[in-house]
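Notes for the one structure printed next.
The values are calculated or read from the model by the stated rules, or taken from the named source; none is laboratory data. These figures come from a predicted structure and were not determined experimentally. A quick note on method: Cβ atoms are made from the backbone with ideal geometry, for glycine too, and the neighbour counts reach across all protein chains shown.
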Amino acid sequence: MKRLLALFCASALAAMAAAPTYEIAVIPKGTTHEFWKAIHAGAIAASRELQAEGATVNIIWKGPLREDDREQQVQVVENFTGRRVSGLVLAPLDARALVAPTEAAVRAGIPVVVIDSALNSTAPVSTVSTDNYKGGVLGAKRLGGLLNGKGRVILLRVLAGSASTEQREAGFLDTLAKEFPGIRVVSSDQHAGPTRDTAYRTAQNLLNRFGRDVDGIFAPNESSATGMLLALRDAGLAAGRIKFVGFDSGSQINAALKSGDLQGIVVQSPFRMGYLGVRTMVAALRGEKVERVIDTGCVLVTRETMDQPAMADLLHPPLDKYLN
């Protein structure tokens with residue numbers, strides 16, 4: 001019996017010693033918005049869960065401060081490639097600019113899982129993201145319904161080259177054209193930029209030009225929606241005077257939905273995105289088969305539905321549990 005116990009312990013110790021330690025770099029588009037904090041929390045949740053399952057997974061979180069700093073994100077990818085991390089979980093800031101460094105990482109033997117926003121490359125082992133086109137469709141249907149299929153609307157774009165928001169913008173415009181021919185898009189060529197402040201300035205300019213003659217607005221991400229919200233309030237055009245549909249949740253956005261300054265938001269699950277990004281990367285590192293595309297889902301939330309239990313984690317991801 002002692003001999004069997006000794007053999008068992010020796011085998012267990014050998015297995016533990018042989019278990020690899022994974023060092024996974026998670027690279028967001030930016031690091032200031034609540035959306036990215038939720039992705040970070042999801043990545044940490046996955047690492048803790050994997051730790052409980054017997055795997056050692058170290059998460060390194062690093063990305064550019066602003067969501068328009070392509071050069072910095074390229075440098076971050078190149079630096080992690082040079083460090084020979086186990087894998088990269090990347091939210092590409094630009095669908096084209098990040099192709100070369102991503103493919104260089106893969107050639108160096110470092111697998112890449114893309115999250116949030118598509119990359120124009122087949123090199124990543126998987127893409128974990130929302131169906132962003134569908135998100136734009138949901139936004140258009142909500143705004144079109146609020147306007148009873150008639151009126152003038154503004155689309156506040158985000159950033160050129162950002163595949164996720166470009167797909168939302170395309171879904172929005174295509175759906176208006178197909179399903180709401182009585183709605184006229186009076187502006188769709190202005191970009192909010194990378195922050196709430198840049199979005200606020202662009203929104204002010206748009207409202208100065210169109211504010212008294214526009215009936216609805218769609219803003220396709222957290223920062224553009226928050227900037228537009230502030231501009232509408234400053235101009236006295238909030239509280240439904242101009243129907244306003246946004247994208248993503250956040251403390252200010254959620255409060256505005258509750259108060260009636262927003263009439264709907266399309267919500268994805270960045271927490272789930274970060275979680276599945278890390279879990280998918282570890283599965284790939286273990287040689288397991290992974291899906292090429294993993295849809296993390298999106299839903300429309302209104303003031304009437306926001307307190308439903310199913311919406312709790314989408315509107316209030318557990319940031320404090322994992323980031324403090």
Those residues of segment 59-75 which are touching a Pro at 6+ places or on another chain (Cβ under 6 Å) and closer than 17 Å to residue 100 by Cα, in sequence order: 72, 73, 74
Just for helices (runs of 4 or more DSSP H) wholly inside segment 212-310: which have at least 1 residues that are assigned by TED's automatic domain parsing to the domain that holds residue 168 and among the small types (Gly, Ala, Ser)? 222-234, 251-259
Tally time: how many residues in segment 106-124 are crowded, with 17+ Cβ neighbours inside 10 Å and over 22 Å from residue 31 (Cα atoms)? 5
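Filter segment 43-90 for residues that are among the small types (Gly, Ala, Ser), out of contact with any Phe, Trp or Tyr (no Cβ under 8 Å at 6 or more places or on another chain) and at negative phi; which is surrounded by the most Cβ atoms within 10 Å (Cβ to Cβ)?
So in segment 43-90, the residues among the small types (Gly, Ala, Ser) come out as 43, 45-47, 52, 54-55, 63, 82, 86-87.
Those left that are additionally out of contact with any Phe, Trp or Tyr (no Cβ under 8 Å at 6 or more places or on another chain): 47, 52, 54, 82.
Next, from what is left, pick out any that are at negative phi: 47, 52, 82.
Numbers: 47: 23, 52: 8, 82: 10.
Residue satisfying both the conditions and the ranking: 47.
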For segment 236-249, does any single residue satisfy the condition of being over 23 Å from residue 210 (Cβ atoms) and touching a Phe, Trp or Tyr at 6+ places or on another chain (Cβ under 9 Å)? yes
Within segment 66-75, is there a residue that is within 21 Å of residue 192 (Cα to Cα) and of a type in the set (S, T, N, Q)? yes
Taking the condition more than 24 Å from residue 33 (Cα to Cα), in a helix (DSSP H, G or I) and either touching a strand residue (DSSP E or B) at 6+ places or on another chain (Cβ under 6 Å) or modelled with pLDDT of 95 or more (or both), does residue 148 pass? no
Quick test for you: out of 106, 125, 112, 186, pick the one residue that is touching a residue at least 60 places away in the same chain (Cβ under 8 Å) and either in the same structural domain as residue 241 (by TED's automatic domain parsing) or under 26 Å from residue 277 (Cα atoms) (or both). 125
